[in-house]
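The values are calculated or read from the model by the stated rules, or taken from the named source; none is laboratory data. As the structure is a prediction and not an experimental result, all values here were calculated from the model. A quick note on method: Cβ atoms are made from the backbone with ideal geometry, for glycine too, and the neighbour counts reach across all protein chains shown.
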Amino acid sequence: MNHLKKTDPEIEQLIKLESKRQKEGLEMIPSENYVSPAVLEAMGSILTNKYSEGYPHKRYYGGNECIDEVELLAQERAKKLFKVPYVNVQPYSGSPANLAVYLATMNPGDTVMGLDLTHGGHLTHGYKVSATGIFYKSFPYHVKTNGRVDFEEVLKLAKLHKPKLIWTGATAYVYEYEFEKFAEIAQKVGAYLAADVAHTAGLIAADAHKNPGKYVDIITTTTHKTLRGPRGAMIMVTNKGIKKDPELPEKINKAVFPGLQGGPHDHTTAAIAVALKEAAKPNFKKYGKQIVKNAKTLAKELINKGFKLVGNGTENHLCLIDLTTIFGPGGGFFMQYALDNSGITLNKNTIPGEPASPFYPSGVRLGTPALTTRGMKEKEMKKIANWIWEVAESIKEYKLPKNKEERIEYLKKFRKEAKTIKTLVKIKKKIKIFASKYPIFA
């Protein structure tokens with residue numbers, strides 16, 4: 001980064017510090033991963049200079065002959081990998097990709113159903129503070145106490161409200177997605193069925209999770225997370241979707257541009273193409289299956305240590321720990337902060353039947369994609385589970401005050417004290433040595 005160091009040493013130094021943090025810590029947020037050097041090169045390429053509004057061979061600007069080939073290559077690789085007839089690779093990220101699905105299939109005021117945010121769903125599946133819950137009528141479904149989707153409720157709501165669009169997919173769901181059950185319900189009420197597989201796209205590509213292609217009309221996904229690409233997104237239409245609505249691919253295209261976006265980020269498109277090529281290689285299948293093996297081992301070891309897990313385990317890449325047995329309501333904040341100070345990064349998260357609030361949730365969400373990218377396997381998961389338990393034990397006396405007015409000062413006090421807890425300091429030193437042995441590049 002010689003040019004950056006000369007031009008902007010402040011940013012260059014911050015990038016160095018972040019690189020150090022990533023190398024010396026354990027990244028366990030399920031939606032984060034490490035890209036390959038090839039993906040990084042494409043992201044930092046000269047393609048960032050080009051404007052390419054429109055689609056291949058139908059641009060509003062000249063000079064796109066090379067960009068057209070890049071985008072077509074990304075499309076073809078995605079079609080082959082996910083076994084679909086149509087792909088749009090232009091969405092800037094997952095949220096605008098999902099919003100484009102609404103624009104293509106619904107009118108403002110139409111009804112949508114998706115998994116409630118506090119039960120593991122995503123903002124863009126119709127949550128009240130999202131544009132998808134503001135401009136459309138949203139009737140969310142929920143999970144049972146075991147964390148599995150309540151399909152009796154889904155069917156009941158669908159028959160009652162006749163949604164135009166139903167979402168399947170989640171951000172904190174420990175089971176394999178039940179595409180076929182949603183397909184039956186969508187068929188009964190005539191709804192479009194969209195699968196948001198942002199979290200599991202890499203597992204699908206690796207045959208470590210079922211492919212939604214034959215069950216749903218539309219598939220959306222981010223291209224980072226388990227797919228191990230840049231921060232972009234894709235929208236796919238299946239053969240079933242085209243049969244339902246032959247104009248659906250063109251509607252999606254128009255929804256993305258000019259409906260929601262201007263020029264695509266061509267450097268990201270190139271990086272997506274690179275990631276898709278990598279995901280088609282045989283070793284990626286081993287990688288995807290290892291993610292699941294690692295997650296299952298991690299879950300089993302966490303339970304053995306004494307943690308309560310939603311679903312009593314996992315079927316994919318993530319675990320959801322219910323901390324109420326240790327901290328009571330609101331323990332997620334304490335665990336996230338304490339683990340951060342120990343060199344383990346994860347995120348606080350709501351649990352089914354959340355007794356506190358999304359601001360101070362009672363669980364934490366953690367996963368294995370990034371650790372698996374670094375070459376870690378079952379043995380390492382057991383070691384990491386032990387560290388997580390030691391952290392929990394060292395802070396278990398902290399409890400979220402019931403009185404809201406007391407919380408700010410109490411949490412401020414906790415943050416100050418957490419930095420001096422001997423167990424956390426000791427674990428951070430161990431993790432620094434441990435993590436530094438594993439490269440962060442795929």
Odd one out for Asn239 among (1) under 19 Å from Met113 (Cβ atoms); (2) in contact (Cβ under 8 Å) with a residue 24 or more places away in the chain: (1)
Hits in segment 206-247 (condition: more than 24 Å from Gly190 (Cβ to Cβ) and hydrophobic (A, V, I, L, M, F, W, C)): Ala206, Ala208, Leu227, Ala233, Met234
Helices (runs of 4 or more DSSP H) (entirely within segment 32-109) containing at least 2 residues that are within 16 Å of Gly263 (Cα to Cα), touching a Phe, Trp or Tyr at 6+ places or on another chain (Cβ under 9 Å) and in contact (Cβ under 8 Å) with a residue 12 or more places away in the chain: 65-82
Complete set of residues in segment 413-433 that are without any contact (Cβ under 8 Å) to a residue 60 or more places away in the chain, basic (Lys, Arg) and over 22 Å from Lys20 (Cα atoms): Lys413, Lys416, Lys422
Qualifying residue in segment 97-108 (condition: hydroxyl-bearing (Ser, Thr, Tyr), assigned by TED's automatic domain parsing to the domain that holds Thr200, surrounded by fewer than 20 Cβ atoms within 10 Å (Cβ to Cβ) and in contact with a strand residue (DSSP E or B) (Cβ under 6 Å, 6 or more places away or on another chain)): no
Segments classed as helices (runs of 4 or more DSSP H), wholly inside segment 171-252, with at least 3 members that are out of contact with any Gly (no Cβ under 9 Å at 6 or more places or on another chain) and assigned by TED's automatic domain parsing to the domain that holds Gly54: 179-189, 239-244
Residue in segment 208-219 that is within 21 Å of the chain's Cα centre (by Cα), under 23 Å from Glu41 (Cβ atoms) and crowded, with 24+ Cβ neighbours inside 10 Å present: no
Per-region count, segment 82-95, residues surrounded by fewer than 21 Cβ atoms within 10 Å (Cβ to Cβ) and aliphatic (A, V, I, L, M): 0
Failed item in (1) in contact (Cβ under 8 Å) with a residue 60 or more places away in the chain; (2) farther than 28 Å from Ala338 by Cα; (3) of a type outside the set (Gly, Ala, Ser), with Pro282 passing the rest: (1)
Answer from Val310, Val274 - the residue that is under 21 Å from the mean Cα position of the chain (by Cα), buried (at least 19 other Cβ atoms within 10 Å of the Cβ) and more than 22 Å from Lys382 (Cβ to Cβ): Val274
